[in-house]
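> Take this structure first; my questions come after.
Just so it is clear, none of the values below were taken in a lab; they were calculated from the coordinates. Everything numeric in this text was worked out from a predicted model, so none of it was measured. FYI the Cβ positions are ideal-geometry reconstructions off the backbone, even for glycines, and counts take in every protein chain you see.
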Amino acid sequence: MNFLEKYGLKLILIFILLVSYSITAQSKTLLILGDSISAGYGIKEADNWVTLLQKNYAARDLDINIINSSVSGDTTIGGLGRIKRDLSLFNPSHILIELGGNDALRGYPIDSIKKNLSTTIELIKKNGSLPILMQIRIPPNYGKRYVEAFEKIYQELSIEQDVPMVEFMLQNIALNKSLMQLDGIHPNQKAQSLIASEVQKSLAKIIENP
């Protein structure tokens with residue numbers, strides 16, 4: 001019995017296992033922990049930016065699966081309350097945290113908002129997943145002092161927790177009435193593809209080419 005006859009099958013099996021491991025290692029799961037902006041308030045699911053982002057990845061043959069764990073009206077305490085369940089159910093490789101807007105609109109204390117986000121980040125890290133923080137911005141009519149303190153939370157946490165931060169998805173949309181619903185808070189259908197494109201660009205270096 002020669003070498004190939006003796007070890008050939010074993011070598012083939014090892015090769016298959018290595019290839020399978022390589023493919024699995026390359027696959028990624030992105031969980032969106034967000035509020036109504038990501039949940040698609042007033043938008044059909046098929047037109048939501050999260051769905052469009054998934055289609056963009058598929059079109060480029062990128063093995064990135066998106067799980068949308070966003071709830072309309074959700075706050076940072078709400079996200080904190082369900083992050084353990086999401087981690088247990090999906091064990092995502094990356095989590096985009098898009099929370100805080102509803103806290104600010106309700107005038108919640110800055111310290112509480114920051115603490116909730118910080119604890120959420122710590123739980124994500126403990127799971128071995130990579131947290132990604134989205135900068136959230138609010139209208140100036142909430143008062144300069146509060147607005148500045150709120151928006152500073154994200155920059156501080158990015159540094160303190162050493163996590164990547166991406167720009168607010170409505171940065172170039174919120175002030176364009178043609179891209180917003182009548183409530184002036186939620187983006188309309190026309191804005192969804194623009195949001196998907198912007199988020200994809202922001203996440204590219206973090207997820208596509210880490």
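> Determine which single condition residue 117 fails, assuming it passes every other condition in (1) free of Cβ contacts under 8 Å to residues at least 60 places away in the same chain; (2) over 18 Å from residue 132 (Cα atoms); (3) not acidic (Asp, Glu).
(2)
> In the range 44-51, is there at least one residue being under 24 Å from residue 136 (Cα atoms), part of a helix (DSSP H, G or I) and among the aliphatic types (A, V, I, L, M)? Steps first, please.
In the first step, residues of the range 44-51 are kept if they are under 24 Å from residue 136 (Cα atoms); the result is 44-45, 47-51.
Next cut, part of a helix (DSSP H, G or I) only: 45, 47, 49-51.
Of the ones still in play, those that are also among the aliphatic types (A, V, I, L, M) are 50.
Taking every residue of the range 44-51 in turn, at least one turns out to be under 24 Å from residue 136 (Cα atoms), part of a helix (DSSP H, G or I) and among the aliphatic types (A, V, I, L, M).
> Residues in the range 87-123 that are among the hydrophobic types (A, V, I, L, M, F, W, C) and more than 16 Å from the chain's Cα centre (by Cα): how many? It would help to see each step written out before you state the result.
Residues of the range 87-123 that are among the hydrophobic types (A, V, I, L, M, F, W, C), as a first pass: 87, 89-90, 95-97, 99, 104-105, 110, 113, 117, 121, 123.
Next, from what is left, pick out any that are more than 16 Å from the chain's Cα centre (by Cα): 89, 104-105, 110, 113.
Count: 5.
> Would you point out the residue of the range 120-146, among those that are of a type outside the set (A, V, I, L, M) and farther than 21 Å from residue 110 by Cβ, that is surrounded by the most Cβ atoms within 10 Å (Cβ to Cβ)?
Filtering first and then ranking leaves 129.
> What are the pairs with Cβ atoms under 9 angstrom where one residue, in the range 35-50, is on the phi > 0 side of the Ramachandran plot and the other, located anywhere, is among the small types (Gly, Ala, Ser) and assigned to a helix (DSSP H, G or I)? Sequence gap at least six, or different chains.
From residues that are on the phi > 0 side of the Ramachandran plot, the pairs are 42/36.
> Being without any contact (Cβ under 8 Å) to a residue 60 or more places away in the chain and part of a helix (DSSP H, G or I) is the filter here, so list the residues in the range 86-104 that pass it. Steps first, please.
The first filter runs over the range 86-104 and keeps only residues without any contact (Cβ under 8 Å) to a residue 60 or more places away in the chain, leaving 86-89, 100, 103-104.
Answer for the range 86-104, where residues must be without any contact (Cβ under 8 Å) to a residue 60 or more places away in the chain and part of a helix (DSSP H, G or I): 86, 87, 88, 89, 103, 104.
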